[in-house]
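This report refers to the structure that appears directly beneath it.
The values are calculated or read from the model by the stated rules, or taken from the named source; none is laboratory data. Fair warning: this is a prediction, and the values are worked out from it, not measured in the lab. Don't worry about glycine lacking a Cβ; one is built from the backbone with ideal geometry, like all the others, and counts go over all protein chains shown.
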Amino acid sequence: MRNNDWVGKRAAARQNCQMRAEMRFLDGRPPMECTIIDISATGCRVQLPSEFECPEDFDLFIPSRSETKIAKIRR
């Protein structure tokens with residue numbers, strides 16, 4: 001039961017979703033569309049193209065919620 005193992009290590013349980021989002025970068029490069037595939041009050045998992053090299057810090061704009069979150073990569 002991998003999901004139960006992960007919930008124990010997280011501050012909040014994640015919910016599966018398919019939510020469109022946009023990564024906005026601090027270094028001036030153009031924004032990139034992405035998909036949030038699970039989300040909680042404390043974080044989310046974002047699906048990206050495999051060849052994309054993601055910076056450690058960026059803003060994540062979620063149009064369906066009209067929110068922009070400050071994001072940091074956690075692996």
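For segment 27-53, give me each residue that is assigned to a loop (DSSP other than H, G, I, E, B) and farther than 17 Å from Glu67 by Cα.
Applying the first criterion (assigned to a loop (DSSP other than H, G, I, E, B)) to segment 27-53 yields 27-31, 40-43, 48-53.
Of everything in segment 27-53, those that are assigned to a loop (DSSP other than H, G, I, E, B) and farther than 17 Å from Glu67 by Cα turn out to be Asp27, Gly28, Arg29, Pro30, Leu48, Pro49, Ser50, Glu51, Phe52, Glu53.
Which one of these is at pLDDT 95 or above and loosely packed, with under 13 Cβ neighbours inside 10 Å: Pro49, Pro63, Pro30? Spell out how you get there, then give the answer.
Numbers: Pro49 fails: at pLDDT 95 or above; Pro30 fails: at pLDDT 95 or above.
Only one candidate qualifies: Pro63.
Restricting attention to segment 66-75, which residues are of a type in the set (A, V, I, L, M, F, W, C) and either loosely packed, with under 14 Cβ neighbours inside 10 Å or farther than 15 Å from Phe25 by Cα (or both)? Even if it seems obvious, please write down each step before you answer.
Taking segment 66-75 and keeping what is of a type in the set (A, V, I, L, M, F, W, C), we get 70-71, 73.
The answer is Ile70, Ile73.
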